[in-house]
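Data block below; observations after.
The values are calculated or read from the model by the stated rules, or taken from the named source; none is laboratory data. Small disclaimer: the values here were computed from a predicted structure and weren't measured. With ideal geometry, Cβ positions are generated from the backbone for all residues, glycine too; neighbour counts draw on all protein chains shown. Protein only, heavy atoms only, side chains kept; ligands, DNA and RNA dropped before computing areas. Shrake-Rupley method; radii C 1.70, N 1.55, O 1.52, S 1.80 Å.
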Amino acid sequence: MAAPGWIELFVRPLERLGLPYMVTGSIASTIYGEPRLTLDVDLVIELDADRSADLLDAFPASGFYRPPVEVVRIEASRNARGHFNLIHHETGMKADIYLAARDALHRWGLTRRRRIPFGDGEISLAPPEYVIIRKLEFWREGSSDKHLRDVRAMIAAGIELDRDFLDVELRRRGLDA
């Protein structure tokens with residue numbers, strides 16, 4: 001995995017804006033489980049469409065690829081699955097931005113995110129149950145074994161999990177097998 005500084009390129013502006021967010025995906029599973037190489041950071045953000053320009057202003061076009069504000073507004077207005085990317089020009093590192101919208105699991109995760117030390121500051125990290133559920137959903141959608149390896153590593157690391165919540169959600173989503 002690259003040095004923490006590249007992740008902070010995407011997190012610090014969110015911190016300054018005061019937008020609720022959480023780091024998830026392979027970065028979160030690495031923190032909870034075991035390291036593996038990744039070239040992006042997955043972020044869930046709570047963003048009202050009227051703050052789209054504020055978000056883009058925090059990532060200046062001189063330093064980042066960013067979609068047009070109209071695209072961000074449209075994505076932020078979706079009821080589900082709003083998504084866009086930010087790419088840092090100098091490093092080529094990418095952030096996949098997922099918008100919380102009305103997704104119940106996104107909302108659950110955002111209310112239970114964890115503040116952890118990271119680099120010379122802190123980040124908001126998705127709860128491990130959220131990471132496991134999403135990893136299994138992505139595995140079901142694309143069959144990439146990396147998601148199963150990430151889940152196995154998290155469980156093997158002995159992280160504390162709300163097993164009751166996890167069992168109910170996995171069963172409800174057809175992921176219990």
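The table below gives the values:
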read-out: Options 111, 139, 80, ranked by Cα towards positive dipole end of region 72-177, top entry (Cβ charges); value: 80
read-out: Gyration tensor verdict on region 22-64 (Cα atoms; rounded if a/c is under 1.5, prolate if a/b is larger than b/c, oblate otherwise); value: oblate
read-out: Residue-averaged 222 nm ellipticity for the chain, from DSSP H runs of 4+ at -39500 (n - 2.57), nearest 500; value: -13500 deg cm²/dmol
read-out: Rounded if a/c under 1.5, otherwise prolate or oblate - region 1-104, Cα gyration tensor axes; value: oblate
read-out: Dipole moment magnitude, nearest 20 debye, region 78-169 about Cα centre, only Lys, Arg, Asp, Glu C-beta charged; value: 220
read-out: Rounded to the nearest 20 debye, dipole of the chain from Cβ charges on Lys, Arg, Asp, Glu; value: 320
read-out: Span-rule helices in the chain, defined as complete DSSP H runs reaching 18 Å or more along the axis (Cα) with Kyte mean at least 1.6; value: none
read-out: Whole-number accessible area per residue in Å² for the chain, which is evaluated in the context of all protein chains at 1.4 Å; value: 51
read-out: Shape of region 74-167, Cα gyration tensor, a/c cut at 1.5; value: rounded
read-out: In nm, spacing of pseudo-spin labels at residue 85 and residue 17 (7 Å Cα→C-beta vector); value: 1.9
read-out: Accessible carbon and sulfur surface of the chain relative to its total accessible area, %, 1.4 Å; value: 50
